[in-house]
Amino acid sequence: MWIVPIAARRMLKGIAGCAACLMLAAAAMRAGGQTAPVEKTSTAQSAKQARQLDWWKNAVIYEIYPRSFQDTNGDGIGDLNGIAKRLDYLKALGVDAIWLTPVYPSPDVDFGYDISNYIDIDPQYGTLADFDRLVANAKKRNIRVIMDMVMNHTSDQHEWFIQSRSSRDNPYRDWYCWQDGKGQTATDKGQPPNNWQSLFGHSAWRWDQTTRQYYYHKFYVQQPDLNWHNPAVNDAFKQIIAFWLKRGVGGFRFDAITTLFEDPSLADEGVRLDKDGNPIINAYGDPQLDGSKTDNQPGVHEVMEEMRAEADKFTTGDFPGTRVLIGETYMPNIGELKKMYGTPDKPEFHLPMDTQVGMIDKLDVTEFRQRLIDAETHLSSHIPLLLFDNHDVRRIDARYGDGVHDVDIQRVMATILLASRGSALVYYGDEIGMKTTPPERKEDVKDPIGIIGWPTEKGRDGERTPMQWDANSKAGFTTGTPWLPVPPSAKTINVRAEKIDPDSLFAWYTALIRLKKTVPAFESGANMMLDPENTKVLSWMRQATGTPQVIVCVNFTANLEIVDLTLGEAGMRARELKTLLKTPGGPDTEAINRIVLGPYGVYIGEVQ
Ligand code: NOJ
């Protein structure tokens, strides 16, 4: 049977208090003017440990799609040794952590998101020894390694599912979601239990002839959903998490977390209607459902409280410090996003992804301003995790570019990402302006949803192309045949070219990250929106007590714009500015009442 009561949950408290203790101890020593060398050392150590604990609060987390980052054995598929080879590059960029999309053994129907063994490395990416070496080498550069944790489903090749589907009385039967069909009889499989759909198209129920029941899969047929009402599933994942935490990972990004539970009533979901009352049809030709029974159901929060307690057991003041929990949280609004942080007594995610800001998909100043205000005021001072893209959505160029000013617009987005309060997810290749390059022919598509949904949905290959290291035909990614073609844009958009160009997008990202890490107002200062009626330029101030204010102005138009931040009720006092960063070749700005911005120009200045 699928539905069993949730087991009584333990309430474990984290050890977050330690950071404060260490800082208090450090402050006490400073106040006492201690000079003994041994105490000086321990003060420095305490401060360092406090920094290690807080590392995730102003962090740059770089997402790597390992298949596409760097190949070292010529098979055309990236590997762990390839990532290790590029650690100096990542260090120079200034990242604090790398998040690897899944590298566990997998039949690769969903390129790693269909896991057949959670405690090993897929041979195409390397070995556990390679993984340990990567973690150790990353540590030497102060970079943490974050794993992807897929708890909603496994591969149908995972031993648990092989057992589960083998007989109705197998001990693993109840680890997955099995149901009889509607109107099922001894000879007829009937209809799927309800109208629920896979996010990857068509019914979410698959008939399994061996035991004559349907199983539920929110994603591909080969990704059966685990039954999170079964406490054994929960226990298994705690052990998996501990396995990787013991290996020194810096945390996890929890995949598809809002789809862990389904409504036990198994009632149909509502169909979304257009303004004329007709069903909206999605890219797969199915009616669009409202997700009311399969998304964001109660239960997720309890699970995440427990996972957080587990991760907190491993958090120490030493590297990697806090073991951070990131959520794949496409929430409908800021209120729902806030819940993902949990409460002070029962914390959940440190950093649930804030897709409110990043997925606006149009260059609308008013909309961005409002979403950034929401992140500042509606999350109870939690740290927002901003992002603009990832391996599932088209890159920045395709969603915000105009085809003429793409690099300038990418600079604009990078500025919002890295000069706002919070932590940032940077998707590999965005720092050089890699372009979304979808396949042109159905027969070239690798991502199955691109085959199911062609041509409306071309799949996600376009944002997963090989990293562009140089201008060679294989972009320095491989010596073999790359698993996805190298985009033609690699001729000009590549690391080698951009590293030596002071005006490149890479130079912009590097400079922004340096500011984020060194300017006190950027390290911890609040975001305060300025010039609130302006529909062309987004301006904000970063302010931390006792340190100079910093203003950031971003022009969302292709025209020259001049901003006067002394105007209006909330206007600032007329002051000089010291330029910290501005768009290459941009006009000069020296005062707060006349900030001059070229097309899609950016200006960052310290108030004098
Ligand atoms: C979200 C992942 O980011 C995506 O790539 C994957 O296909 C689904 N979850 C299913 O695991």
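The values are calculated or read from the model by the stated rules, or taken from the named source; none is laboratory data. Everything numeric in this text was worked out from a predicted model, so none of it was measured. No Cβ is skipped: glycine too gets one built from the backbone with ideal geometry, and neighbour counts run over all protein chains shown. Side chains included, ligands, DNA and RNA excluded: accessible areas come from the protein's heavy atoms. Shrake-Rupley method; radii C 1.70, N 1.55, O 1.52, S 1.80 Å.
Does F252 fit the bill of being within 16 Å of the ligand (Cβ to nearest atom) and within 20 Å of W178 (Cα to Cα)? Answer is no for this residue.
Among the conditions (1) in a strand (DSSP E or B); (2) closer than 18 Å to N234 by Cβ, the only one that V145 does not satisfy is (2). For the stretch 101-116, the criterion of being away from the ligand (no atom under 16 Å from the Cβ), surrounded by fewer than 18 Cβ atoms within 10 Å (Cβ to Cβ) and assigned to a loop (DSSP other than H, G, I, E, B) is met by no residue. Applying the set (1) within 21 Å of the chain's Cα centre (by Cα); (2) outside any loop (DSSP other than H, G, I, E, B); (3) surrounded by fewer than 21 Cβ atoms within 10 Å (Cβ to Cβ) to I98 leaves exactly one unmet item: (3).
Assess whether L337 counts as being touching a residue at least 24 places away in the same chain (Cβ under 8 Å), open to solvent by less than 10 Å² (accessible area, probe 1.4 Å) and among the aliphatic types (A, V, I, L, M). Taking the combined requirement at face value, the residue satisfies it. Filter the stretch 205-239 for residues that are among the polar types (S, T, N, Q) and within 15 Å of the ligand (Cβ to nearest atom); which is least open to solvent (accessible area, probe 1.4 Å)? Among those that are among the polar types (S, T, N, Q) and within 15 Å of the ligand (Cβ to nearest atom), it is Q223.
Looking at the stretch 479-586, the helices (runs of 4 or more DSSP H) lying wholly inside it that each contain 2 or more residues that are of a type in the set (K, R), modelled with pLDDT of 95 or more and within 25 Å of L93 (Cβ to Cβ) sit at 495-499, 505-518. Looking across the stretch 253-302, the residues that are open to solvent by 20 Å² or more (accessible area, probe 1.4 Å) and either part of a strand (DSSP E or B) or at positive phi (or both) come down to L266, V271, L273, G277, P279, I281, G285, P287, L289, N296. Taken as a whole, the condition of being in the same structural domain as R67 (by TED's automatic domain parsing), in contact with a Pro (Cβ under 7 Å, 6 or more places away or on another chain) and more than 20 Å from Q239 (Cα to Cα) does not apply to R133. Within the stretch 485-505, if we keep just the residues that are surrounded by fewer than 21 Cβ atoms within 10 Å (Cβ to Cβ) and touching a Lys or Arg at 6+ places or on another chain (Cβ under 7 Å), the residue that is farthest from K578 (Cα to Cα) turns out to be P487.
Scanning the stretch 162-175 for residues that are more than 12 Å from V233 (Cβ to Cβ) and buried (at least 16 other Cβ atoms within 10 Å of the Cβ) yields R165, R173.
A residue that is open to solvent by 10 Å² or more (accessible area, probe 1.4 Å) and touching a strand residue (DSSP E or B) at 6+ places or on another chain (Cβ under 7 Å) can be found somewhere in the stretch 421-440.
Test V365 against the stated conditions and say whether it is out of contact with any helix residue (DSSP H, G or I) (no Cβ under 8 Å at 6 or more places or on another chain), of a type in the set (A, V, I, L, M) and open to solvent by less than 10 Å² (accessible area, probe 1.4 Å). Judged against the criteria, V365 is a match.
Within the stretch 310-360, the set of residues being acidic (D, E) and either assigned to a loop (DSSP other than H, G, I, E, B) or within 16 Å of the ligand (Cβ to nearest atom) (or both) comprises D318, E328, D345, E348, D354. For the stretch 152-181, the set of residues classified as away from the ligand (no atom under 16 Å from the Cβ), charged (D, E, K, R) and part of a loop (DSSP other than H, G, I, E, B) consists of R165, R168, D169, D180, listed by residue number.
Tell me, which residue of the stretch 575-608 that is in contact with an Asp or Glu (Cβ under 9 Å, 6 or more places away or on another chain) and small (G, A, S) is nearest to T545 (Cα to Cα)? Restricting to residues being in contact with an Asp or Glu (Cβ under 9 Å, 6 or more places away or on another chain) and small (G, A, S), the top hit is G605. Among the residues of the stretch 390-442, those identified as in a loop (DSSP other than H, G, I, E, B) and within 16 Å of the ligand (Cβ to nearest atom) are H391, D392, R394, R395, Y428, T436, P438. Among the residues of the stretch 101-120, those identified as of a type in the set (V, I, T) and more than 17 Å from N152 (Cβ to Cβ) are V103, I119. For the stretch 182-204, the set of residues classified as away from the ligand (no atom under 16 Å from the Cβ) and touching a helix residue (DSSP H, G or I) at 6+ places or on another chain (Cβ under 8 Å) is empty.
Each row is one residue, and each column tells you yes or no for (1) open to solvent by less than 10 Å² (accessible area, probe 1.4 Å); (2) without any contact (Cβ under 8 Å) to a residue 24 or more places away in the chain; (3) in a loop (DSSP other than H, G, I, E, B).
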| position | (1), (2), (3) |
| --- | --- |
| Y118 | yes, no, yes |
| D122 | no, yes, yes |
| G126 | no, no, yes |
| A129 | no, yes, no |
| D132 | no, no, no |
| V135 | no, no, no |
| M149 | yes, no, no |
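If only residues of the stretch 587-599 that are at pLDDT 90 or above and open to solvent by 20 Å² or more (accessible area, probe 1.4 Å) are counted, the one that is nearest to G568 (Cα to Cα) is N593.
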